[in-house]
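Heads up: the structure comes next, in structure tokens.
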Amino acid sequence: MNLARENHPSRKRFSLNKMVLIIVSSMVLLGMISYITYETVTADVLVIQDGKEKKNITTADNVSELMDELGIDVSKHDDLSVALDSEIKDGMIIEYTKAKKITVYIDGKQQDYYTTEKTVKEFLNDESIKLNEHDEMSVALNKEVTDELEFSIQKGFEVTITDGGEKRTAMVTNQTVGDLLEEQNITLNEHDRVNAELDASVKDHRNIDIVRVTKETVTEEVAIPFQTETQQDSSMLRGNSEVLQLGSDGQKVQTFEVTKENGEVVSRELIEEEIVEESQNRIVAKGTKVPVKLASAEEGGDWESFTSTKYTAFCPSGCTGSTATGVDVSDTIYYNGMRIVAVDPNVIPLYSIVEVKTPNNTFKAIALDTGGSIKGKKIDILVDSRQEASRWGYRTVQVRMIDKN
């Protein structure tokens, strides 16, 4: 009997157990190696995306790979707290904020921006867009920034207003002329003029000129000048004239509409006229009678008939004792040995020497006086007394020229 060939049951069980032990040990070792390897190549990373936290376990080597894993496309405008090529580390915190597009219209000009700021005020500060107290914006400064946000900014500018000649300045935005005047408490009256339409933009009218126009009614009393009326008088010698009626001005009331611009009168329009008193014409009689010229003795002239009267230097009223030529006759009726007579200068010029022939006497006389009733071929002889003058009355005498003037 060959005992060496027999399979001993206890020996077989030992071999099987040993094999199982080896397999289990190998698996445990492999698991431990895998765990150690996993723990070595993975990392826990906290990603804060647009304010929301999310924990991530990643095997990415750098931040760029992690962003790709998360499906995040990082643009140049986005805000990332670490660089894309930064190495991933366990416990790393990454903050990412996606930029939002903002369209701003500044005085009508469009400008696009991208920002990660939360409010409009923070955005303006970040972009160094300065606002002053006169600027106007279509949104509030504390408005939250959202993607595709649009708003406008109207920058204030200076406008010069000349109101009735007085200048002032105002800081305004793109408003209408009418709104500006209302804002400045400027009221336009019915006739005032502005060099721009009230609904026009002040941006196109940096200098606004207001002309203050006033219209008022003025009443004035005006004289109506008298006219001179001439009447022909055939009984008066040509060249002589006499005022028959003194002229007097009339009166009328005129009403004007007076227009002033900035206080200066620019027009006066007569709108009503009323005659209060008619004027009275001045009437002048103008002689047309051809004067009779005496022939002088030297020329062999003939005697001519004159109506004669006599007068004295003294009378109850109106007599002065002097002739019209200024000769004192208060105590004489002679001048250089010649009798003094009053004549019509249009017939016998003053200072002429004549010869007078009466029925009883012939004498030389000098024309030194005139008289209101001595007209034409009349002669008045100076005498000593009123009695003699009265006795003489009216008589016809002969007169001829001896020396004219």
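Assorted remarks:
- Considered as a group, the residues in the range 216-237 that are exposed (fewer than 14 other Cβ atoms within 10 Å of the Cβ) and within 30 Å of residue 349 (Cβ to Cβ) include one that is nearest to the chain's Cα centre (by Cα), and that residue is 228.
- Unique match (being modelled with pLDDT of 95 or more and out of contact with any helix residue (DSSP H, G or I) (no Cβ under 8 Å at 6 or more places or on another chain)) among 213, 243: 213
- The range 181-240: number of residues that are assigned to a strand (DSSP E or B), small (Gly, Ala, Ser) and more than 17 Å from residue 159 (Cα to Cα): 3
- Matching residues in the range 343-369 - criterion: being hydroxyl-bearing (Ser, Thr, Tyr) and surrounded by fewer than 18 Cβ atoms within 10 Å (Cβ to Cβ): 351, 358, 362
- Scope the range 324-372; condition assigned to a strand (DSSP E or B) and in contact with a Gly (Cβ under 6 Å, 6 or more places away or on another chain); matching residues: 342
- Residue check for residue 114: touching a residue at least 40 places away in the same chain (Cβ under 8 Å), touching an Asp or Glu at 6+ places or on another chain (Cβ under 9 Å), of a type in the set (Phe, Trp, Tyr) and outside the structural domain of residue 72 (by TED's automatic domain parsing): no
- Residues satisfying the stated conditions in the range 54-64, i.e. in contact with a strand residue (DSSP E or B) (Cβ under 9 Å, 6 or more places away or on another chain) and either surrounded by 14 or more Cβ atoms within 10 Å (Cβ to Cβ) or part of a loop (DSSP other than H, G, I, E, B) (or both): 56, 58, 59, 60, 61, 62, 63
- Where strands (runs of 3 or more DSSP E) fall entirely within the range 81-180, those with at least 2 residues that are within 35 Å of the chain's Cα centre (by Cα) and either charged (D, E, K, R) or exposed (fewer than 13 other Cβ atoms within 10 Å of the Cβ) (or both) are at 157-163, 166-172.
- Subset of the range 241-273 (residues that are over 50 Å from the mean Cα position of the chain (by Cα) and in a strand (DSSP E or B)): 241, 242, 243, 244, 245
- In the range 29-53, the residues that are modelled with pLDDT under 85 and outside any helix (DSSP H, G or I): 50, 51
- For residue 168, the criteria (1) in the same structural domain as residue 108 (by TED's automatic domain parsing); (2) without any contact (Cβ under 8 Å) to a residue 40 or more places away in the chain hold in every case but one, which is (1).
- Residue match in the range 375-393 (condition: assigned to a loop (DSSP other than H, G, I, E, B), touching a residue at least 24 places away in the same chain (Cβ under 8 Å), of a type in the set (Ser, Thr, Tyr) and closer than 30 Å to residue 234 by Cα): no
The values are calculated or read from the model by the stated rules, or taken from the named source; none is laboratory data. This one's a predicted model, so the numbers in the text were calculated from it and none came from an experiment. Heads up, the Cβs are rebuilt from the backbone with ideal geometry, glycines too, and the neighbour counts pull from every protein chain shown.
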